[in-house]
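K.L.:
One structure coming up, written as structure tokens, with questions to follow.
The values are calculated or read from the model by the stated rules, or taken from the named source; none is laboratory data. Not measured: the values here are computed from a predicted model. In this analysis, Cβ positions are derived from the backbone assuming ideal geometry, glycine residues included, and neighbour counts consider all displayed protein chains. Note: accessible area is taken over every heavy atom of the protein model, side chains too, but ligands, DNA and RNA are not part of it. Shrake-Rupley method; radii C 1.70, N 1.55, O 1.52, S 1.80 Å.
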Amino acid sequence: MAETSSTLITVQGNHSEWYEAERGTVWVTVAHDGADRAPVFAKTTKVAATLTKALAGMHDSDKGPVTWWSYDQARVWSERPWNQQGKQLAPVFHATVSISAKFSDFDALAAWVEQIATVEGVNVGSITWDLTETKRKEVTDEVRRLAVADALAKARVYAGAVGLGEPHAVAIADPGMLGDPNPGVAGGGFERMAFKSQASPAAMDAGGGSLSFSPEKIEVEASVDIRFAAASAA
């Protein structure tokens with residue numbers, strides 16, 4: 001009885017989905033400088049304490065509006081600048097504190113940013129958008145499954161085009177890791193995952209002139225290389 005030979009088909013499966021942002025994290029820096037170390041340090045820590053007190057009052061890891069926040073200890077250093085005549089001047093002292101907070105309520109985030117933006121020494125940095133950990137795991141699993149389904153659909157098309165039967169997987173790997181021409185058993189990780197979000201636009205509410213955010217959706221995508229074997233359909 002003749003041995004049935006199989007043809008190898010190697011494809012990459014891809015899938016992506018967009019999801020509404022569920023969390024917004026803001027990075028804030030408090031910074032002051034001056035000729036005397038003590039007042040510079042005191043001013044910086046005082047402003048930082050006011051900000052963190054407000055965050056602590058809004059913090060609830062389950063209900064929000066602040067689900068998490070972080071505060072770095074004040075950093076103080078000095079430098080001696082030079083004037084245009086090449087003379088080294090008296091020391092200038094700098095103090096900075098970094099604060100970050102994650103909000104589940106974007107209206108509360110906008111209100112807090114609007115409130116602190118006018119405080120002397122406060123610099124509002126970037127705001128990033130993300131999903132909750134629970135949602136992230138849920139959508140990651142789903143996108144992975146759909147990337148595998150995409151690879152199988154491609155393999156079926158290729159197999160049918162050359163008269164082969166139903167393909168079955170013989171190896172699964174991260175993209176670019178199926179360089180070995182011999183089919184093998186998949187190991188380790190099995191896909192490339194990516195989470196993308198774009199910078200959020202800020203807009204002034206036409207009704208009351210208040211700050212509001214319109215966060216971009218979060219793209220979750222996965223890619224996976226799968227090698228299939230398919231025998232002749234005859």
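K.L.:
According to a simple spin-label model (label point 7 Å from Cα along Cα-to-Cβ), what is the distance in nm between Ser5 and Ser214?
P.N.:
6.0
K.L.:
Sticking with this structure for a sec: Once amide H atoms are built 1.01 Å from N in the peptide plane, which residues 5 or more positions from Ser210, or in another chain, come under 5 Å H to H?
P.N.:
Asp205
K.L.:
GluC sites (Glu not before Pro) within region 83-187: which are DSSP loop residues with at most 12 other Cβ atoms inside 10 Å?
P.N.:
Sites meeting the loop and neighbour criteria: Glu120.
K.L.:
If the only charges are +1 at each Lys and Arg Cβ and -1 at each Asp and Glu Cβ, what is the size of the charge dipole of region 1-112 around the Cα centre, to the nearest 20 debye?
P.N.:
920
K.L.:
Report in % the part of the accessible area of region 1-143 that belongs to carbon and sulfur, leaving out ligands and nucleic acids; probe 1.4 Å.
P.N.:
Percent of accessible area from carbon and sulfur atoms in region 1-143: 49.
K.L.:
For region 33-121, what number results from the quotient of the Cα radius of gyration and 2.2 N^0.38 Å?
P.N.:
1.42
K.L.:
May I ask you to evaluate 6.51 cos²θ - 1.76 cosθ + 1.60, the Karplus curve with θ = phi - 60°, for each residue of region 158-174 and list the ³J(HN,Hα) values in order in whole Hz, giving x for glycine and proline?
P.N.:
So the Karplus estimates, Gly and Pro as x, are 5, 5, x, 5, 10, x, 9, x, 5, x, 10, 6, 10, 7, 9, 7, 4 Hz.
K.L.:
Would you please give the FRET efficiency between Trp68 and Arg37, computed as 1/(1 + (r/R0)^6) with r the Cβ-Cβ distance and R0 = 41 Å, to the nearest 0.05?
P.N.:
That gives a FRET efficiency of 0.80.
K.L.:
Something else about it: Over region 1-152, give the accessible area per residue in Å² for a 1.4 Å probe, as an integer.
P.N.:
Dividing the accessible area of region 1-152 by its residue count gives 60 Å².
K.L.:
Count neighbours as other Cβ atoms within 10 Å of each site's Cβ, and list the trypsin sites (Lys or Arg not before Pro) in region 42-101 that are DSSP loop with at most 14 such neighbours.
P.N.:
Lys63, Lys87
K.L.:
Let me make sure I get this right: for region 11-53, a, b and c are the square roots of the gyration tensor eigenvalues over alpha carbons, sorted descending. Under 1.5 in a/c it's rounded, otherwise prolate if a/b > b/c, else oblate. Which is it?
P.N.:
Judged from the Cα gyration tensor, region 11-53 comes out prolate (a/c at least 1.5, a/b above b/c).
K.L.:
Still on this structure: Around Ala21, which amide H atoms from residues at least 5 apart in sequence, or from another chain, sit under 5 Å from its own amide H, with H modelled in the peptide plane?
P.N.:
Ile218
K.L.:
I've got another one for you. Filter the GluC sites (Glu not before Pro) in region 1-63 down to the DSSP loop ones having no more than 15 other Cβ atoms within 10 Å, then list what survives.
P.N.:
In loop regions of region 1-63 (DSSP not H, G, I, E or B), the sparsely surrounded GluC sites (Glu not before Pro) are Glu3, Glu20.
K.L.:
Further question on the same structure: At a 1.4 Å probe radius, which order do Glu219, Glu166 fall into by accessible area, largest first?
P.N.:
Glu166, Glu219
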